[in-house]
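Values in this text are rule-based calculations from the coordinates and carry no lab data. The structure displayed is predicted, hence computed values, not measured ones. Cβ placement follows ideal geometry from the backbone for every residue including glycine, while neighbour counts extend to all protein chains displayed.
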Amino acid sequence: MRSLYIGRFQPYHLGHQAVLERIALESDEIVIGIGSAQVSHTTTNPFTAGERVAMISSALRNLGRWFYIIPLPDIERNAVWVAHVRSMLPPFDRVYSNNPLVVQLFSEAGIEVRKTPLYNRDLYSGTAIREMMMAGDDWRALVPPAVESVIDEVGGVKRLRNISEGDSQP
Ligand code: NAD
């Protein structure tokens, strides 16, 4: 059983990690698709695809399952997105997602979709973590230590603050 988990991972946090640990119990191999791979350096998508690959691969070092991490650029036509995803990934048997559009598109294509429980969604949320970073609050306990290191390495907090200051200008 090879499973697919798709997300933007802006940034990858402990909620994503808990989901992947659960998927690992139900799968032989996992494909992790990094959505919106072409976007970075914005307040909602601060990190590049490569930075997100670094976060996830270091955080999952001890997962105990073979996994692939593959960046997926968005396309403008939702109706053919599943074919686009399939063209970029190893074959997969099942998809895990709670994103309503992702669930809808894979279900229409006849692919099994499993929803996952939400872990501490108020805090384990990319939006909440990015807001904490911009406000100077302590976000570090909400991501795996390996992710914290990557964010520090690339100056992620400073980048996000600089970008958000730009947004507030006329
Ligand atoms: P995300 O990083 O917000 O979330 C990834 C998954 O983790 C989701 O299923 C979400 O429910 C889950 N999750 C988040 N916090 C959690 C928590 N605390 N506990 C448990 N689970 C949690 O990413 P997303 O927005 O779902 O990513 C979908 C990607 O697919 C986007 O990049 C989107 O652009 C892409 N997409 C593209 C097209 C297109 O190009 N036409 C169409 C559909 C989707």
### Message
Using only alpha-carbon positions, what ratio does the radius of gyration of segment 95-159 give when scaled by 2.2 N^0.38 Å?
### Response
1.46
#### Entry: D (Stokes-Einstein, µm²/s), Kirkwood Cα radius, segment 33-104, 0.692 mPa s at 37 °C
240 µm²/s
### Task
Please turn the phi angles of segment 75-83 into ³J(HN,Hα) values with the Karplus equation 6.51 cos²θ - 1.76 cosθ + 1.60 (θ = phi - 60°), one per residue in order, whole Hz, x for glycine and proline.
10, 6, 10, 4, 4, 10, 5, 4, 5
### Convex hull volume per residue in cubic angstrom - Cα atoms of the chain
115 Å³
### Query
Residue by residue, what Karplus-based ³J(HN,Hα) values in Hz, rounded to whole numbers, does segment 28-43 have, using 6.51, -1.76 and 1.60 with θ = phi - 60° and x for Gly and Pro?
8, 9, 10, 9, 10, x, 8, x, 6, 5, 7, 9, 7, 6, 10, 5
### Query
Longest exposed-loop-site-free stretch of the chain, with trypsin sites (Lys or Arg not before Pro), DSSP loop and at most 12 other Cβ within 10 Å?
1-60
### Under 5 Å, built H, 5+ apart or other chain: amide partners of I6
G33, Y96
## Note on the structure
Once Lys and Arg are counted +1 and Asp and Glu -1 for all other residues with Cβ under 12 Å from that of P11, the total becomes +2
### Task
Calculate the all-directions average of the projected area of segment 79-132's alpha-carbon convex hull, and give it in nm².
4.8 nm²
### Query
Out of every Cα pair in segment 1-71, what percent are spaced more than 19 Å from each other?
27 percent
### Query
With axes computed from alpha carbons, what is the tilt in degrees of helix 49-59 against the longest principal axis of the chain, rounded to the nearest 10 within 0 to 90?
80 degrees
